[in-house]
Amino acid sequence: MSVLRRVVHEVRTIEIGTATRYQQHRLVVGRAQAQALFADPALASVRVHVAAPGDRTRIVAPLDVVEPRSKGPGGGAFPGWIAPVNRPRGGDTHVLRGAAVLAAGYLPRNQEGLIDMSGPAAERSPFGRTNNVVIEFDRAEGACWQDAEVALRRGLLRLAVHLADAAVDASPDVIEELAPPHRPGTSTGGLPRVGAITNLQTQGAFKDVFVYGRSMAGSLPTLFDPVEIEDGAVVSGQYGHPALRNPTYIHQNHPVVAELCARDGQDLCFAGVVLCPEPVEQAHKELVSTHAAWLCRAAGFDAAIVTKEGAGNADNDLMLKVDALEADGLTAVALYAELSGADGTGPPLVAGPRRGAVVSTGNYDQRIGLPAVERALGGARLDIADAEATAAVEVPTAAILGALSPLGAGWLTCRSEQQRLAG
Amino acid sequence: MRIVHYVNQFYAGLGGEAEAGIGPRVLEGTVGPGRLLSQLVGEEHEIVATLVCGDDYAASHTAVGEELVGMARAAGAELLVAGPAFGSGRYGLVCARLVAAAEAVGLPAVASMHPDNPGISEAGAAPVVAAGASSRQMRPTLQAVAGAIAKLATGAKLTVADGRVARVARVGQLVDQRAAARAVELVLRRLAGDREGTEIPVGGFDVVSPSAPVDKVASATVALVTEGALVPAGNPDRLESARATRWLRYPIEGVDSLASGVWESVDGGFATTAANADPNRIVPLDTVRRLEREGVIGRLYNELLVTVGNGTQVASARRFGVEWAAELRKAGVQAAILTAT
């Protein structure tokens, strides 16, 4: 199994300049250099902006988000997209921690969401806390949207590598070594083997996640090298429910894997990652769930944390896996965003496991008031609130990118409170 | 206190499903369960009149609540009591709407039904006293209702101690530990033997047993209903594309096929290109019309009932189901084809 070292450079301030450079926690984004990375027949132009935590800025209609990472001059990040797959695995990966690159603007089937860089939405989104490079774009006349979307994705990945390349020679803030998962059959000293099952959405154009550049639709669940996820083997092209998305950034920083690794050797042994598609047919869902449970047993898991992307269809996949795992004698915990209505009194689950346990990542419907901001990127209007993009608005939590993170990157939960009855 | 009591046609002794379409009416004094309730509340309180309406009529006329409240006031009500409806969906829906309508105009009211009754959320802020699951629990339920009446007569509000069904809200909050870390904690607790630990209670899902097959399809009236958000092009009634709060009806009498450009799906949960190229693939009107012509089915019901299932709350979906069933029963429909997306 391959070993990876994260060479971490912390980004604390961000600005736009003439040439990209990184020095002492300050990232300068070279405007023309960044724009050149989006050169594609499907895009007429792109505009480069930055938005930092604390800014009174709203990013409307955010698309994918990527963390700047580089494998150095030889390349190797984002295999299947901008690097070959048959390259050496592991080694050093330079990470610009605290920075993110993202696109924002109209795209068909993108459910409109937002990121606020200050205020209550900023507290709820992982991307209200990062120094963001925001790309606005215009589609080329006559270009189809699918081509524009691929051009944007490729551009974001190139920009992520370009920015991290600037830090390759800088002395790191910290170096983190990732131990590979424990192999089945080896002694754990009595600790339970716990792994992650990561469901990826697979519903076609604008609703797909790519593994090594390909959709997982039609695939069976597969055991996957966590080191490759760190290096961008999983890339999102999925634009459903903003709060229930797993942008590429979240895969690169897989929260469940990170938390399992944090306790590896102390309370548990990290057993590995299983990637699964989220098919649209019931029989296929059952096949994938049954096979995933078998694979976990074959890989020596005692327990698994199961995550999803999206809602409805995806809920069924999540709960079928919990049931399949528990039926096979494994312990399962799912992560789920509740759908209990604006007042929180509706049933929280739309599909339920027969047993197992569920962690809440917040209530999809709970409304939240956001103050007016000074500047908007990505669009002049916020259609979901029928308001100017900079206006004070009230939105459901569902609109805040990543707020209900199905992969567990968010800080929301729900608790039952018996409503006070007078008298 | 002068009490007016609401019961459905069944508990009023007017008949079962065959009489579910009757409209609202007032009967003097106590009827059905009102007789026992009258004994339980003692001589201080009097049931002066009983309101009755058929379940199908009441569940499919949303304004019936205001009408019944007007009738209760005319009968001199100081308190309106509705039910107990136990687990019955249509009856529960009507009782809940009735007490909500009464509260809205300042008439004290209390309903009684099982806490899982699909209608319960319609009661809003009006109190609901828990009933058993079925009429086998009539006596203990009416004892609880009588206790609630005695308390309401003092001007006090009902609490959980009075059997009031509490509205438990799931309130979102920010916590220090992110969800992935809490999942690891929970998995370790479960592995250590805590099999009950969970942040969201699991289980409790309905298992729906299919009805018996239609006896004589060739003479049955069949309805088409859908959660695929198929509406006239342009969506004139602004059906939501997700998280539906309501459903709509569209006439299909004399329509043989759902033409592209005339009908469209506004469902936000799937790519609608193929559906909009041939809307008959969301609602198979062309095929069902052919079956009607060939005599395979008796008749197609003349309205299409439509909502969107995409992300719609379980509570809303259960209510739509109760309302659709009432609507279709009232129209004499024996079978419905529900197309989903």
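The values are calculated or read from the model by the stated rules, or taken from the named source; none is laboratory data. Just so you know, these numbers come straight off a predicted model, no measurement behind them. We place every Cβ from the backbone using ideal geometry, glycine too, and count neighbours over all the protein chains shown. Side chains are part of the model used for accessible areas, which takes the heavy atoms of the whole protein and leaves out ligands, DNA and RNA. Shrake-Rupley method; radii C 1.70, N 1.55, O 1.52, S 1.80 Å.
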I'm told residue B:136 meets every condition in (1) without any contact (Cβ under 8 Å) to a residue 40 or more places away in the chain; (2) of a type outside the set (A, V, I, L, M, F, W, C); (3) away from chain A (no Cβ under 12 Å); (4) not in a helix (DSSP H, G or I) except one. Can you identify the failing condition by its number?
(4)
Need the failing condition index for residue B:261 against (1) within 19 Å of residue B:290 (Cβ to Cβ); (2) among the small types (Gly, Ala, Ser); (3) surrounded by fewer than 18 Cβ atoms within 10 Å (Cβ to Cβ), just the number.
(1)
Hey, residue A:278 under 24 Å from residue B:177 (Cβ atoms), of a type in the set (Asp, Glu), surrounded by 24 or more Cβ atoms within 10 Å (Cβ to Cβ) and touching a residue at least 40 places away in the same chain (Cβ under 8 Å) or not:
no
I'd like to verify a number: residues in the range B:24-41 that are open to solvent by less than 70 Å² (accessible area, probe 1.4 Å) and touching a residue at least 40 places away in the same chain (Cβ under 8 Å), how many?
6
Near pairs, Cβ below 7 angstrom, 6+ apart or cross-chain, from the range B:304-316 (within 7 Å of another protein chain (Cβ to nearest Cβ)) to any residue that is assigned to a helix (DSSP H, G or I) and not hydrophobic (A, V, I, L, M, F, W, C):
B:315/B:121
Residue A:255 being facing chain B (nearest Cβ under 10 Å), buried (at least 24 other Cβ atoms within 10 Å of the Cβ) and either under 30 Å from residue A:384 (Cα atoms) or without any contact (Cβ under 8 Å) to a residue 60 or more places away in the chain (or both):
yes
Residue under question is residue A:344, and the condition is that it be over 25 Å from the mean Cα position of the chain (by Cα) and surrounded by fewer than 24 Cβ atoms within 10 Å (Cβ to Cβ); does it hold?
yes
Quick one: residue B:310 ticks every box in (1) buried (at least 18 other Cβ atoms within 10 Å of the Cβ); (2) in a helix (DSSP H, G or I) bar one, so which box is it?
(2)
Spans of strands (runs of 3 or more DSSP E) in the range A:297-397 with at least 1 residues without any contact (Cβ under 8 Å) to a residue 40 or more places away in the chain, within 12 Å of another protein chain (Cβ to nearest Cβ) and not basic (Lys, Arg)
A:331-338, A:357-363
Here the residues within the range B:139-171 that are among the polar types (S, T, N, Q) and without any contact (Cβ under 8 Å) to a residue 40 or more places away in the chain are B:154, B:159
Tally the residues that are in contact with a Phe, Trp or Tyr (Cβ under 9 Å, 6 or more places away or on another chain) and assigned to a loop (DSSP other than H, G, I, E, B), restricting the search to the range A:229-259.
8
Can you work out which of the residues in the range B:241-258 that are open to solvent by less than 40 Å² (accessible area, probe 1.4 Å) and under 24 Å from the mean Cα position of the chain (by Cα) is nearest to the other protein chains (Cβ to nearest Cβ)?
B:242
Residue in the range B:192-203 that is in a loop (DSSP other than H, G, I, E, B), touching a Pro at 6+ places or on another chain (Cβ under 7 Å), open to solvent by less than 50 Å² (accessible area, probe 1.4 Å) and at the interface with another protein chain (Cβ under 7 Å from one of its Cβ atoms) present
yes
Among (1) within 14 Å of chain B (Cβ to nearest Cβ); (2) in contact with an Asp or Glu (Cβ under 9 Å, 6 or more places away or on another chain); (3) among the β-branched types (Val, Ile, Thr), where does residue A:288 come up short?
(1)
Considering (1) under 27 Å from residue B:207 (Cβ atoms); (2) open to solvent by less than 10 Å² (accessible area, probe 1.4 Å), say which one residue A:407 fails and leave the rest.
(1)
Answer yes or no: is there a residue in the range B:217-233 that is touching a residue at least 24 places away in the same chain (Cβ under 8 Å), away from every other protein chain (no Cβ under 14 Å), exposed (fewer than 12 other Cβ atoms within 10 Å of the Cβ) and not hydrophobic (A, V, I, L, M, F, W, C).
no
Those residues of the range A:36-76 which are charged (D, E, K, R) and out of contact with any Pro (no Cβ under 6 Å at 6 or more places or on another chain) amount to A:40, A:47, A:55, A:56, A:58, A:67, A:69, A:71
